[in-house]
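S.K.: Can you keep this structure in mind? I'll have questions shortly.
The values are calculated or read from the model by the stated rules, or taken from the named source; none is laboratory data. The structure displayed is predicted, hence computed values, not measured ones. All Cβ positions, glycine included, derive from the backbone under ideal geometry; neighbour counts span all protein chains shown. Areas reflect the complete protein model, heavy atoms only, side chains present, ligands, DNA and RNA absent. Shrake-Rupley method; radii C 1.70, N 1.55, O 1.52, S 1.80 Å.
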Amino acid sequence: MSPAPVIIAIDGRSGAGKTTLAVELAAQLRAHHKVSLFHLEDIYPGWNGLAAGIERYVSTVLGPLSRGEAATWTSWDWERHYDGETRVTLPAEIVIVEGVGAAAAAARPLLSAVIWADSPEEVRRTRALQRDGATYEPYWDQWAAQEADWLAADDVPAGADLRVRNVADGSAPGDVLHLLPYLPALAPVLAPELPGRRGLRLLAERLEARPDPAGLFASLYGRSANAVWLDSSNADTAARPGSTDPTALTAAARSRFSILADDGGSFGQTVAHASGTSTITAGSATATVPGPFFRWLDSVWGRSAVEAPETYPGDFTLGWLGYLGYELKRETGGADVRASTPDAALICAGRAVVLDHAEGAAWLLALDAPDAAAWLDTARAAVLAAAGAAGTPPASAGGSTGVGRGAIPAFSSRDSGSAYRGKILAAQGEIAEGNTYEVCLTTTLEARVATGSFDAWGTYLALRRRNPAPFASYLRLGGVTVASTSPERFLRIASDGGMRAEPIKGTRRRAADAAEDAALRTDLATSLKDRAENIMIVDLLRNDLSHFAVPGSVTVSRLCAIESYATVHQMVSTIDAQLLPGSSRAEAVAACFPAGSMTGAPKISTMAILDRLEAGPRGVYSGAVGYFSLNGATDLAVAIRTLVVSAGGDGTAELSLGVGGAITSDSVPDDEYEEIRTKAFGVLSTLGAVFPG
């Protein structure tokens, strides 16, 4: 008797390509494992024997194999239409069973994973008849009726761990193999197949070019359903050559790199997490994985899987890019609140373009794969073309400060002015009771527009011109588009373990008059209230970082420095630490999430107060946008100054803009309300819209 094997069932209607998928998947898995394969078509007792065949399979084959025993079973002789010879299927480390009914209700308690293969009916019929010829054709309708009756009583597809759209182009086995290791029951056995845990060869090519980033993104990824542009849109103005101003140099370092990628190619994947379930897609296959998001993240990120060339100056070496929504707080001490958008959405990029604004270079990065060379050729041509067109604004860019097309959206607010001021007073009541020291109270502005009347891409281009920022980003992730001009870093963990958080607390508007603008900057720098807010968040983040930091390594290198952007002055501090060797990087991110600058202090009790006061989800806003690189590095921005566009599926889209501010005991409600209007101005004015009410 052998140890109990991992048993994978490949189920689906006749003609869905289950047999080919099983054979090819077994062949690939045999590179690292002993694999046994069983076909249910060998055991069905005739063309009317689906139900009886399932019963035979469960009792005589699956039962013994699940106990690590050899299965002895009676085959069916399809020519004589009678019981055939006795056969034996030996157990193995992995057993794959395939056929209609492989994952039937009676079988599922004995299975480790269920794959449901599907194809259009006309493809299935053609495929099945090509395989079995005239033998099957007279029985097609009879067998299809049995399948329909069985599935009407046993909805196997709904409970499948992984579903694959098998179009017989040869991609299904590879797509399935990418996703199987994510399933918790299979992860311990299939760890060698998980891309994030094995050594991968990184191809890197440097081009001396300064391409127009917007034109390059449109050229490479304009038609991609899932694409990410982490855009240092203020790279040209962050610091002048020869500058010795520490603040300017810090801003320049933040703005050095831009990353452009989609989910195409051999290693491309997407993940969307909502309320405790991650849905991961690779090409034609989609897996559903229950469990916390940060536990899943730990399974795919944090271990160094690639080596970059010594001459490559960046910390991103391909990996996952996208956003983490605020409602992931349910995993870090907050309550379970449901949002209309996914709680996290990321792409896995196996190839990307990284722009080094400091050196005037473009890096082409690709994981070594059969399609890598063709992509490098395409990307190289696109970079050189965009470099030639640099300085010419795209036709869709609109005017210099606005979008310049479509109807002006009419926003409404979750809270009226009086209601928001009332919530400020309620927050101050919580502070007076000793339940919190600082409450980062937010509200949401929303508008619904006709899909054809709103240009999300043109809007982002206008936003980045009007309000350039070091952590600007444009994300297109299925039905959700994120256009952000965030100035705030949430958390950076370098490949060598260096950690940095740079919270912003304290905001003043910019003024056209130089003297007035300087006075506003001085007012912020000398404001005791704003300094108190900032210092409280610094203390919170020092504590967050300390959970996974080398003792004594947490330092504050900048406290309450003033940084100026196109529409606002901000008060920024910098906290550094060194990650404790051997620590989980995903857990280190979770320990700091969500950003303390968006909750208040202490974090957990204040999040509970915010849930009561705000009475609604924040969604993407207040979460984080950035990357998780295959060398263990991450760089995440706080999702502020962020417009979220959600497709409604009915020809409309919802626009959402979150705004808020820190409330302390000496906050003045009118001043706080004016601050959220100031923060919303950059986005609203770009759209030609006004603050509601």
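S.K.: Does the stretch 17-58 hold any residues that are farther than 28 Å from P181 by Cα and in a helix (DSSP H, G or I), and which are they? Let's see the steps before the verdict.
M.R.: Start the filter on the stretch 17-58 by keeping residues that are farther than 28 Å from P181 by Cα, which leaves 42-53, 55-56.
D42, L50, A51, A52, G53, E55, R56 - these are the residues of the stretch 17-58 that are farther than 28 Å from P181 by Cα and in a helix (DSSP H, G or I).
S.K.: I need the full set of residues from the stretch 331-366 which are surrounded by fewer than 22 Cβ atoms within 10 Å (Cβ to Cβ) and touching a Lys or Arg at 6+ places or on another chain (Cβ under 8 Å), in order please. Explain how you work it out, then say what you get.
M.R.: First, the residues of the stretch 331-366 that are surrounded by fewer than 22 Cβ atoms within 10 Å (Cβ to Cβ): 331-340, 356-361.
Across the stretch 331-366, the qualifying residues are G333, A335, D336, V337, A339, D356, H357, A358, G360, A361.
S.K.: Looking at the stretch 67-78, which of its residues are open to solvent by 30 Å² or more (accessible area, probe 1.4 Å) and touching a residue at least 40 places away in the same chain (Cβ under 8 Å)?
M.R.: R67, E69, W78
S.K.: Oh, and also: Within the stretch 79-122, can you find the residues that are open to solvent by less than 50 Å² (accessible area, probe 1.4 Å), in contact (Cβ under 8 Å) with a residue 60 or more places away in the chain and not small (G, A, S)?
M.R.: The answer is P91, I94, V95, I96, V97, E98, V100, L111, V114, I115, W116, D118.
S.K.: Let me ask something additional. Taking into account only those residues within the stretch 443-474 that are open to solvent by less than 10 Å² (accessible area, probe 1.4 Å), touching a strand residue (DSSP E or B) at 6+ places or on another chain (Cβ under 9 Å) and among the small types (G, A, S), which is farthest from T652 (Cα to Cα)?
M.R.: Only one residue fits best here, namely A469.
S.K.: Consider the stretch 650-693. How many of its residues are of a type in the set (D, E, K, R) and open to solvent by less than 20 Å² (accessible area, probe 1.4 Å)?
M.R.: Adding up the residues that qualify gives 1.
S.K.: Identify, please: which residue in the stretch 572-616 is assigned to a strand (DSSP E or B) and touching a Leu at 6+ places or on another chain (Cβ under 6 Å) and is, among those, modelled with the lowest pLDDT? Talk me through it step by step, then tell me what you get.
M.R.: Taking the stretch 572-616 first, the residues assigned to a strand (DSSP E or B) are 572-579, 600-601.
Next, only the ones that are touching a Leu at 6+ places or on another chain (Cβ under 6 Å) stay: 573, 575, 577, 601.
Numbers: S573: 96, I575: 97, A577: 98, A601: 93.
So, considering only residues that are assigned to a strand (DSSP E or B) and touching a Leu at 6+ places or on another chain (Cβ under 6 Å), the one modelled with the lowest pLDDT is A601.
S.K.: State the number of residues belonging to the stretch 482-526 that are among the polar types (S, T, N, Q) and open to solvent by less than 20 Å² (accessible area, probe 1.4 Å).
M.R.: 4
S.K.: Which residue is modelled with the lowest pLDDT, if the candidates are limited to the stretch 1-16 and must be within 15 Å of L151 (Cβ to Cβ) and assigned to a loop (DSSP other than H, G, I, E, B)?
M.R.: G15
S.K.: So is A287 among the small types (G, A, S), part of a strand (DSSP E or B) and either within 30 Å of K18 (Cβ to Cβ) or open to solvent by 20 Å² or more (accessible area, probe 1.4 Å) (or both) or not?
M.R.: So A287 passes the test.
S.K.: Can you tell me which residues in the stretch 5-33 are open to solvent by 20 Å² or more (accessible area, probe 1.4 Å) and either farther than 11 Å from V189 by Cβ or polar (S, T, N, Q) (or both)?
M.R.: The answer is R13, T19, T20, V23, E24, A27, Q28, R30, A31.
S.K.: For the stretch 112-148, enumerate the residues that are assigned to a loop (DSSP other than H, G, I, E, B) and out of contact with any helix residue (DSSP H, G or I) (no Cβ under 8 Å at 6 or more places or on another chain).
M.R.: Matches in the stretch 112-148: S112, P120.
S.K.: Taking the criterion of being at positive phi and of a type outside the set (S, T, N, Q), would at least one residue in the stretch 101-110 satisfy it? Lay out the reasoning, then the answer.
M.R.: Taking the stretch 101-110 and keeping what is at positive phi, we get 101.
Then drop every residue that is not of a type outside the set (S, T, N, Q), which leaves 101.
Yes; the residues of the stretch 101-110 include at least one that is at positive phi and of a type outside the set (S, T, N, Q).
S.K.: Of the residues D523, D530, only one is over 34 Å from the mean Cα position of the chain (by Cα) and more than 30 Å from G582 (Cβ to Cβ); which?
M.R.: Of the residues listed, the single one that is over 34 Å from the mean Cα position of the chain (by Cα) and more than 30 Å from G582 (Cβ to Cβ) is D523.
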